[in-house]
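Below is one structure, written out as structure tokens; comments come after it.
Read the figures in this text as sums done on the coordinates, not as results from a lab. Note that the structure is a prediction, hence the values are computed from the model and not measured. Methodologically, a virtual Cβ is constructed for each residue, glycine included, from the backbone with ideal geometry; neighbour enumeration extends over all protein chains shown.
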Amino acid sequence: MSSDRTKKTKPADHPGTLIAESIKALGSGFATTAKHLLRRPVTEQYPEQKRVLPERSRARIVLTRDPDGRERCVACYLCSAVCPVSCISMQSTGGEGGRRVAAWFRINFSRCIYCGLCEEACPTSAIQLTPDFENCRQDILEMVFEKDDLLVDHGGRDDRYCFYRHAGIATDTAGKGEHVNEQPPVDAKSNLP
Amino acid sequence: MIKLIIDNLRVEVPPGTRVIDAAEQAGIMIPRFCYHPALGAVGACRVCAVQVLEGSCRGIRMSCMIEAEEGMVISTTDEEAVAFRRQVIEWLMANHPHDCPVCDEGGQCLLQDMTVSGGHGRRRLPVKKRTHIDQHLGPLVVHEMNRCIQCYRCVRFYREYAGYTDLGVMGSAGRVYFGRRSDGVLESPFAGNLIDVCPTGVFTDRPSRFKGRYWDFERTPSVCIHCSLGCRVTVNTRYREVVRVEAAHDPQVNGWFICDRGRYGFPYASSPQRPRSARIDGRKSGVDEALDEAARRLSGIAQRHGSGSVALAASGRVCLETLGALTRFGSEKGWRGPFFRAGPRTAEALQSASKNLEEKISISLKDIEKSDFILLVGCDPVNEAPMLALSVRQARRRGAVVALADARSVQLPLDARRLALRPSQLTAALMRFAGKAVADGGAALSDRARGFLQACRDSRVDPAVDEQIDHLGLAARESRRPVVVCGTSAVAPDTPAAAANVARLLAAEGRKAGFFPVLPGANALALGLAGRTADHGAALREALEKGDVRALVVVETNLSELGFSADDPLLENLEALVVCDCLDSAAGRAARVFIPTQTVFEAGGTFVSAEARVREARPAFRGGTPVAQVSGGGHPPRTFSPDIPGADPLPAWQVLAALAREGTRVSADTLRKALPAPLCGAAPGKRLALPASAPDAFQPPEDPATAADGGLEVVVCEHIFGSEPLSRRAACLQELESAPRLGLHPGDAAALQLSAGQRVAVDCGRGVIEGEIEIVNEMARGVLLVPRLRGIDWHAAADGPLVVAVADIRSVKPNGES
Ligand code: SF4
Ligand code: SF4
Ligand code: SF4
Ligand code: SF4
Ligand code: FES
């Protein structure tokens, strides 16, 4: 095999061939440079230039509000249970009007891997990932976001869903039998068919 | 044994085993909603369907409704059975609301598990969901009827198993409703079990409502220390706080259930009022400094006045390790005590109950369920040892005769034959009963037993009740497994010994007879076995008056149990009052040196229950102030330190070791070994090695006195809520406390010219008990009932039934004037 290779390389050793090859390489190199000199650059001038990311790209997490402007999160612990890096913690409590709310809700973004599993698990559309990836701080403790830092005043990608209009429990949003797809409460003391 | 095949596995089970249980034995968990081992099978939910391939009933069958047969072949994975179960789950979900995210059952919900494992995800039914109005059921249980799947477990527990009737089933067809006739507090003190038995979230825990999810809780096996039965529980903690206590299964003791005192009694552990730092002369200090200071003062006093001038006080709430420390360091240092109970009467009652417990007649709660004749003497099961009432009820359901001899109008969830007797009559009544219950003095009896039987035959109580007692005795003649249950608070000092002797006599006749004591406190049996008879509250009082005792170390004990009031002047005379406790008490605030101790949830501990079973509580968390209190309810603090705030308290046994200048690094094991036999051999999970026979077996009581002429016997009545020192701090249970009233028989009230609602002051010698009169119909005559509740100074009558003269009872105006 090695003898094959020596044979093949032999013509290249010829000085004439060598010069011709060099000029060709030089020429094509300059041609490429010249071509790119005339083309529009592909590099975006971040941060002067900011591209609009797709709506579903996954970065900084927010807690959204329902169409009535009230906190959507019911502190069900599903997002914290599913989070593979355990960076969500919270404490549920009773809120106004019979609702269940988070007394506090904390995401440690220095640990978050932006996998989006929390959003997938959330039964109320409360937790959503946003395209805002520019979420860096000098101090790592500032990467720990509390509920106030997470709450936004809109519904994110889902501005229609309101959990308490569907859940069977009586709250100030809907009473028994007033939720979507519910019959009025039955009278248990009647034996009529 | 019956051999059958389930899913190609050979299974061997005793005859009468249900297929669902046989499969469980083989490790195959067939889905179930309505079946519950304690409540039996009703075949209501249809989710336990299996395919019977071989057997007398082939085809799809409910595995909870059929018994295993020889040669049966069962398939749980058969296609048809799987499809059937899947269908059942889907239709059970047809009306289920869309509220798992806000339901506290979520995560430990059988319905949720089955729905997920059955693969049911979307509702296909086009009709609207049926809904129900919920009821307010009191401070313990939340009702959310929409979630019901009609398994009937709740009513089967509440009405059949527990014997209360205010919760039931109403409506028909798709409207079936489980609740009360109308909103109101559930009457059963076992209502909390609804939360455990309901396979969905209809009944959930109110105190821990919205506090967290099952998977986030640290779950620790533990033991309930709110009475002497030692039920097994599971403690759920999170963020340095006990969130919830649940029943844990113990086939010999509490079965599947616990009472509400045990379930909801825990908030004292995380109360904001709980003392977490030491105090010296009213000034906050570090625990080490306070231990040093207390040890210095104690040794100073011991040097000046002799080591006997330092006394220890303890109660049934200290664990075996602490009791070991009290015994060991007490004897090493020459300190007196531990003093326990209020006086000679109650101390003797406790000790004779403990020391009379011997191998042959000692029984478990489970044995009580199997007995056929139960005599309850001087005890009020629901209020003093709640789960005992459920055990007695199970026996009654199986046809046992239950008789009750007591001064109080004891309420039981079953029908019992009642004998309203004064405490002083109980011993004689027991003996007279035994005299009739034993047919003849048979050759089987030893001389001593025969002597006791003769004393029984000679015993007289009162012509008015003798006949009733005789009837009862005759009714007990045929019983094969008679049981005598005896209290230690509302009885004469010699009653527990007599009760044990009666059980012995019945056992000597060849029956499987048992004696079950009801004791004051989770570790009272150990205290009764380890303590000295002479070391009781009255003796301590005397020693204080004489100046023999100059320093008192109170370990996890409420001084009212020793007959002291919170502001007793005798305590002020002490040179050093050292209080070690996890509770905030008047004595603790008055103490010269106060040292905070850990609760059972932090320190763990070993306790010996009334049936001599050694119960172990493991530490559930490391201690410290709950995160919610540190953060004021908001998010946890963003500052970090290696120490846990509020984690100064030490286990009481370590505190005692430090007070004895032995350093805090003692091992709990060696402390237990310092106790006298049989306590030193206590092995968790086992029963104590009880003596084969007690030294003074068959010793007839010296003088079974019956008379209490011209006076009233004062009986302090324990209540399920509000009496026990730990659980009475739970806000949710405080709502359920009864009003504190002094009970009188209508006849006595008429004789004393007192009427209901009138305020009286009763001079008990050691103090005056003041309160409103309540007329109680079913109680004994010649008795005054004093509730052990807040608002009543019951400690004056703490030493058992003492007699007050009629002249000592006077009526007072509400403002306190005569
Ligand atoms: S995106 Fe992933 S890692 Fe980040 S919080 Fe959600 S589940 Fe956790
Ligand atoms: S899953 Fe959604 S509703 Fe549940 S706690 Fe997380 S954000 Fe809140
Ligand atoms: S309330 Fe619960 S226990 Fe009772 S029938 Fe309904 S699902 Fe079963
Ligand atoms: S019966 Fe006694 S030991 Fe059992 S749960 Fe109730 S208070 Fe606790
Ligand atoms: S468990 Fe068998 S029918 Fe419900």
Report summary line: If B:283, A:65 are placed from fewest to most neighbouring beta carbons inside 10 Å, the sequence is B:283, A:65
Requested in this report: Based on the mean of other Cβ atoms within 10 Å per residue, sort peptides B:229-239, B:604-614, B:45-55 so the most packed one is first.
Outcome: B:604-614, B:229-239, B:45-55
Query - Footprinting exposure proxy for B:702, B:70 (fewest neighbouring C-beta atoms within 10 Å first) - result: B:702, B:70
Query raised in the report: Residue by residue, what Karplus-based ³J(HN,Hα) values in Hz, rounded to whole numbers, does segment A:67-83 have, using 6.51, -1.76 and 1.60 with θ = phi - 60° and x for Gly and Pro?
Result: x, 7, x, 9, 4, 7, 4, 9, 6, 8, 6, 6, 5, 5, 6, 7, 4
Requested in this report: Rank by packing, highest mean first: peptides B:714-724, B:157-167, with packing defined as the count of other Cβ atoms within 10 Å averaged across residues.
Outcome: B:714-724, B:157-167
Report task. Pop a pseudo-label 7 angstrom from the Cα along the beta-carbon direction at both residue A:161 and residue B:86 and give the gap in nm to one decimal. Result -> 2.6
Report task. Run the dipole for chain B about the Cα centre, Lys and Arg Cβ at +1, Asp and Glu Cβ at -1, nothing else charged, and hand back the magnitude in debye, nearest 20. Result -> 1740
Requested in this report: With N set to the residue count of segment B:712-812, report its C-alpha Rg divided by 2.2 N^0.38 Å to two decimal places.
Outcome: 1.04
Query - Cβ-placed point charges (K, R +1; D, E -1), dipole of chain A about Cα centre in debye, nearest 20 - result: 1180
Report task. Enter the angle in degrees (range 0 to 90, nearest 10) between the Cα long axis of helix B:537-546 and the first principal axis of the Cα atoms of chain B, meaning the one along which they spread out most. Result -> 30
Query raised in the report: Summing +1 for each Lys or Arg and -1 for each Asp or Glu, what net charge is found among the other residues whose Cβ lies under 14 Å from the Cβ of residue B:530?
Result: +4
**Report entry** Leading residue at positive end of dipole, the protein assembly as shown (Cβ point charges), from B:505, B:31, B:635
**Finding:** B:31
Query raised in the report: Using only helices, what value at 222 nm comes out for chain B when you add -39,500 (n - 2.57) per DSSP H run of length 4 or more and divide by the total residues, to the nearest 500 deg cm²/dmol?
Result: -7500 deg cm²/dmol
Report task. Any chance you could get the radius of gyration and Dmax over the Cα atoms of segment B:130-225, in Å? Result -> 13.9, 44
Report task. Using a Gaussian network model of chain A whose springs link C-alpha atoms within less than 10 Å, name the residue from A:179, A:36, A:166 with the highest mean-square fluctuation. Result -> A:36
Query raised in the report: Angle, helix B:287-305 long axis vs. longest principal axis of chain B, Cα atoms, 0 to 90°, nearest 10?
Result: 30
Query raised in the report: Once the convex hull of the C-alpha atoms of chain B is built, how many Å³ does it hold per residue, rounded to a whole number?
Result: 187
Report task. Provide the net charge surrounding residue A:110, with neighbours chosen by a C-beta distance below 13 Å and charges set as Lys +1, Arg +1, Asp -1, Glu -1. Result -> +2
Query - Distance between modelled label sites at residue A:136 and residue A:181, nm, 7 Å Cα→Cβ extension - result: 4.6
Query - For segment B:256-409, size of Cβ-based charge dipole, Lys and Arg +1, Asp and Glu -1, in debye - result: 300
Report task. Could you list the GluC sites (Glu not before Pro) in segment A:78-187 that lie in coil according to DSSP, counting only those with at most 12 other Cβ atoms within 10 Å of their Cβ? Result -> A:134
Report task. Provide B:91, B:256, B:335 in ascending order of the number of other Cβ atoms located within 10 Å of each residue's Cβ, fewest first. Result -> B:91, B:256, B:335
Requested in this report: State the answer as a single residue: which of B:411, B:96, A:86 lies farthest towards the positive end of the charge dipole of the protein assembly as shown, with beta carbon charges of +1 for Lys and Arg and -1 for Asp and Glu, about the Cα centre.
Outcome: A:86
Query raised in the report: Along the positive direction of the dipole of chain B (beta-carbon charges: Lys, Arg +1; Asp, Glu -1; about the Cα centre), which of B:149, B:248, B:191 reaches farthest?
Result: B:149
Requested in this report: Could you give me the radius of gyration and the Dmax of the protein assembly as shown, taking only the C-alpha atoms into account and expressing both in angstrom?
Outcome: 35.4, 142
Query raised in the report: To the nearest 0.05, how large is the calculated FRET efficiency for residue B:638 and residue B:305 if R₀ is 56 Å and r is the Cβ-Cβ distance?
Result: 0.55
Requested in this report: List every residue whose amide H lies under 5 Å from the amide H of residue B:141, counting only residues 5 or more places away in sequence or on a different chain, with H placed 1.01 Å from N in the peptide plane.
Outcome: B:206
Report summary line: Site residue B:777, offset 7 angstrom along Cα→Cβ, radius 15 Å on amide nitrogen, limited to segment B:161-184, gives none
Requested in this report: Count charges around residue B:410 for me, please; just the other residues with Cβ under 10 Å from its Cβ, Lys/Arg as +1, Asp/Glu as -1.
Outcome: -2
Report summary line: Simple SL model, points at 7 angstrom along Cα→Cβ for residue B:677 and residue A:96; separation in nm is 7.1
Query raised in the report: Rounded to the nearest 5, what is the percent of antiparallel bridges among the DSSP beta bridges in chain B?
Result: 55
Query - Against the rule of thumb 2.2 N^0.38 Å, how large the Cα Rg of chain A comes out - result: 1.90
Query raised in the report: What average count of beta carbons from other chains do you get within 10 Å of the Cβ of residues in A:50-59?
Result: 0
